[in-house]
Amino acid sequence: MTTLEVRRKIIKREVKEAIDSGEEIEEDVLKWQTDVDTVKNDVQNLAGQSTDEAQMHCFACSCPNIKWRYQLSKQAEEKIEDVKKLAQESHLDKISHPKPPPPEHEFPSTENYVHLDSRTPIFEAIVGALKDANVKMIGVHGLGGVAVSKDHNVKDIQKKLADKLNLTLDATKDEKGKLWNKFKNGEKYPVILDDIWEEVDLKAIGIPVMEGNIGCKVVLTSRKEDLLRITMKADRNFPIAELPEGEGWNLFKKKVGNSIDSWPEIDSLAREVCRKCKGLPVAINAIGAALEDRPCHTWKNALDKLEKHMLTQIEGIDPSVWASLWVSFDMLRSSDAQSYFLLCYLFAEDAEIPIDELMRHCMARTSLLTTEDHETIVKIHDVIRDVGISIASEKEAFLVDHGALRWPRNPTNGPLYKAMSLSFKNVKHLPDGLVYPELETLMVDNSELADLEVPDNFFKGMMQLTVLTFTRMHMQRLPSSLVKLTNLRMLYLNRCELEDIAILKDLKSDLEVLSLRGSNIEALPSEIRQLTSLRVLDLQDCNKLKVIPRGVTSNLTSLEELYFPENFDKWGATTDEQQDTSSRENLNLEELRQSLSTGKLTTLHFYIPDVMLLPKEDLIFVNLKRFKISVGSIFNYSEKLISGRCMLKLEGIQLRNEFIPLVDKAEVVVLREIEGLKKVFHDRIVGNRFLDLKYLKVTSCVEDLEYLIGESKSSGQSHELHRLRSFNNLTVLIIEGCKSKYLFSPTTAKGLIHLEELEVRSCKIMEGIVRFERRNDEDELTSEVKFSKLKQLKLKDLPNFLSFYAQKEKMEIIMGSSSSCAQPLFSEKVIFPVLERLTIDELGNIIKIWDKQSIAVSEEQGSFCQLRDLEVSRCNKLMHVFPSNMHPLLKNLKFLEVQYCETMKGIAEFEGEINEDGLKNEVCFSTLRTLILLSL
């Protein structure tokens, strides 16, 4: 048992670390832990029985009970074998695996979703086909979608599928077999391939169509009915028709806003414009948005242009869509906006285009934008993209060919190309001697990552080039003609295999943007320091990079954005004491401090493995507008799912003053084992802090605080109204292993108007989430706290927890000791109108979850009415889950799991068969689909 206990502690620690990293524990690990706990209890019971027998023998002074001792010995032998077996099984191959992304992060918000009655019958028919065992493949035809492009790349599709299935694929190999085996593992999978333009070989991707109850049901969408019905042989096909006139008009009015009602003379024009859209949602949305708040003469012009462009024919696109999108483009309020719009079409179909990358193109081409705050990505609907490409080729001489078989020549008639975006699949070399005298932007993607020869004179005929992007190239060296591009402002060598980039030292241009993102370089050439006009240096995902020579960044005095690889940890020493543990010739953080001190640097991504590497003087972060900074450890898998413009992670450090401005500005904050937390959440509470904070995770920060977040009861009230603004945008809050009695003060809790997810675990002294402090009669009347957007609540391992909204009542004397009067976990003082998932685990003090007397009030408030999933486990004083009058609130409950509650008497509490109205007591869970009751 001693050996097994050592292994148990090791596994327990590894499990905790995996949970801290947001991973899911393997089932065999959980079973092993449960088996060990059972054996441990059995052995302790055996030892207790042996001790009891010995004491009885001593007191009775009689002969030992030989038969009883023999039975004990047999049991002991059996347990020895059990212990040995468990000890052997303790060397587990794998403790955990990454969790799939939560639904709220995986799917877009439905906040702007518009319900269309005409679509309901089709939707129901498709759902019916999915349930039909005889239907294996379903086709949906109509307008295009946004996922699988006409030039679909098998590896891209495989990667998307693997990501959803938590599989890791080797990008250099054909791994259809791995996907195939995953899909044939005995489960049923629905797979949707959206907007196909040609036959898709499902076997080549690794998608097995359903056989019996195993494999995939496949849904295909396309603009081509014959492709689905004849070529792909879909079992059932459904058309998505245009909207009825009334429905189209309602959608149009919603998009246009108040313009129609404000200007009566616009009504007839608006109805005619809407009719021109022919009930096509893409057209209605585009032209409606363009005409929002526009005067009458603009409507007349729009109608004339719609009629003019209706004559154009493009394969697969209705003329109404084409015309409405062209007019929408034409009505953009500035030429800058039009240029920005057209830039999007140089990127691959279905690409998630980072806003900052678009900004860099604009900076490099025409200085349209400066480095202001922007965030996230844009995606272009494929129908809109097709129209945009046509507009770009006609107005701006753009060429977009993402499936090119050969290098294009300049047109003999018409304007010369100004921008080209090309994607090749099987090109081994590029031609020599091409001449593009007007070309300003060139984007080339070698999608198969094959070796590619670029002739030395390749750029000789492109002297106007300002933007050059090479993606997924495998080049021995860069062509010598690159240094002749004196107008070059932006150079991207992304996800390239580069063996020699020394030529970068010879660039004589005023290069402003250099990106080597995702390349395989191991050392950055020291000569890059000569690029003194550089505003952006992007080294993200250069995971093999080990050498960044000292003096490079400090010499780049124009830098505004600096991105180091997330795992780069080879910082040079700033003091003699650090010299043995640092890379001697690499840049150090003192050099970075100098770059920050100029005030020009506004974007910074970097990781510091050890706080001891920090310089003695504070790093000046106050001018940063965007950052991703981690100290002590990098962002883990689950934390990376939460994207933000400003992200900060600190682990295992004394909180230095230099990091406070970052905490104030951040959208994502992860704090683990931090000393000095008080000065973050307490010492400087004013109204303009934490206004952008969306995700906060605090782990093992053990300062003894009454409230972890909020003011103590002794704090003054002068700033109370301002405090309500703090944390207003917080959507996810995770607290673990912290030493505080309460999480929020009431004032702070009332300000959490956007909180969607709250998880609190392993806080050993915590008594409540919110502490009610009755200061006067008015407080009592207004003391309710409403979590109006909270969808998920997890409370785990809180042994001293009394109530979510803890109220200190009169103390009763019970057997000579004081104890708080029993409070329900939830009272009518706290309201959860949209809560969907509730997890309660190891709350050893709670006796009841809901109070019967407060249910009527909760029902009136709409509290818990959206509860869908409820899990209750290891609550050893809990006797019932629900009071008998609770079930009217649970009209949406679909999943209920109750396990390991030792004193549980029943799921619902009944005082008698007849209730107070003289009716027979009953509980009805009309929507419950899954019920799990274990070890009760």
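Computed in the context of the full set of protein chains, the accessible area of the stretch 332-508 at 1.4 Å probe radius has 47% of its extent on carbon or sulfur. Pairwise Cα distances in the stretch 196-336 exceed 20 Å for 57 percent of all pairs.
What the stretch 120-240 shows is 53 Å² of accessible area per residue, with the surface traced by a 1.4 Å probe over protein heavy atoms. Simple point charges give the picture: +1 on the Cβ of Lys and Arg, -1 on the Cβ of Asp and Glu, and for the stretch 248-330 a dipole about the Cα centre of about 120 debye. Of all lysines in the structure, those lying under 16 Å Cα to Cα from Lys79, and not within fewer than 8 positions of it along the same chain, are Lys40.
Give me log10 I(q)/I(0) at q = 0.17, 0.18 Å⁻¹ for the stretch 248-330, Debye formula, one equal scatterer per alpha-carbon, no solvent. Computed log10 I(q)/I(0) values: -0.56, -0.63.
When only Cα pairs under 8 Å and 6 or more residues apart are kept, what is the percent relative contact order across the stretch 332-508?
Values: 340 pairs, mean separation 26.8, N = 177.
Relative contact order here is 15 percent.
Amide H to amide H, with H built 1.01 Å from N, Ile192 comes under 5 Å of Val219, counting only residues 5 or more places away or on other chains. Put a dot 7 Å past the Cα of Ile907, heading toward its Cβ, do the same for Arg229, and the two dots end up 4.9 nm apart.
Checking the Cα-Cα distances for Lys694/Lys891; Lys791/Lys891; Lys278/Lys300; Lys155/Lys182; Lys9/Lys85 against a 20 Å cut-off, the pairs over it are Lys694/Lys891.
Quickly rank 412-422, 891-901, 509-519 as a protection proxy: mean count of other C-beta atoms within 10 Å, highest first. Could the numbers behind the result be given before it?
Details: 412-422: 15.6, 891-901: 17.4, 509-519: 20.1.
The densest-packed peptide leads the list: 509-519, 891-901, 412-422.
Looking at the stretch 842-903, the pairs of alpha carbons with a distance over 12 Å make up 68% of the total. Taking the 1.4 Å solvent-accessible surface of the stretch 248-330 as the whole, the part contributed by carbon and sulfur is 49%. Each pair of Cα atoms in the stretch 332-508 enters the Kirkwood radius, and Stokes-Einstein at 10 °C and 1.306 mPa s then converts it into a translational diffusion coefficient of 94 µm²/s. For Ser873, the residues whose amide H sits under 5 Å from its own are Ile840, Asp841, Glu842, Gln899, ignoring neighbours fewer than 5 places away on the same chain, with H placed 1.01 Å from N.
The value for the stretch 120-240 of Rg(Cα) / (2.2 N^0.38 Å) is 1.04. Converting phi to 3J(HN,Hα) with the Karplus coefficients 6.51, -1.76 and 1.60 and the offset θ = phi - 60°, the stretch 512-529 yields 10, 10, 10, 10, 10, 4, x, 7, 9, 5, 9, 9, 8, x, 5, 5, 4, 4 Hz in sequence order, with x at every glycine or proline. Per residue, how much accessible area does the stretch 588-659 have with a 1.4 Å probe, in Å²? Computed with neighbouring chains in place, this is 38 Å² per residue. Amide H contacts of Val698: Leu671, Ile734, Ile735, Glu736, each under 5 Å away and 5 or more positions distant or on a separate chain (H built 1.01 Å from N in the peptide plane; Pro and chain starts excluded). Stretching Lys789 away from Ile847 to a fully extended chain increases their span by 18.2 nm, per 0.36 nm per residue minus the current alpha-carbon distance. Remark: the stretch 605-610, residue by residue, has Karplus-estimated 3J(HN,Hα) of 10, 6, 10, 10, x, 9 Hz, where x stands for each Gly or Pro and the curve is 6.51 cos²θ - 1.76 cosθ + 1.60 at θ = phi - 60°. Here the stretch 590-680 has an Rg and Dmax of 12.4, 35 Å, counting Cα atoms alone. Karplus-derived 3J(HN,Hα) values for the stretch 203-210, using 6.51 cos²θ - 1.76 cosθ + 1.60 with θ = phi - 60°, are 5, 5, 6, x, 10, x, 5, 3 Hz; glycine and proline are entered as x.
The values are calculated or read from the model by the stated rules, or taken from the named source; none is laboratory data. Source: prediction; values computed, not measured. Note: ideal-geometry Cβ built from the backbone for every residue, glycine included; neighbour counts use all protein chains shown. Ligands, DNA and RNA are excluded from the accessible area calculation, which covers all protein heavy atoms including side chains. Shrake-Rupley method; radii C 1.70, N 1.55, O 1.52, S 1.80 Å.
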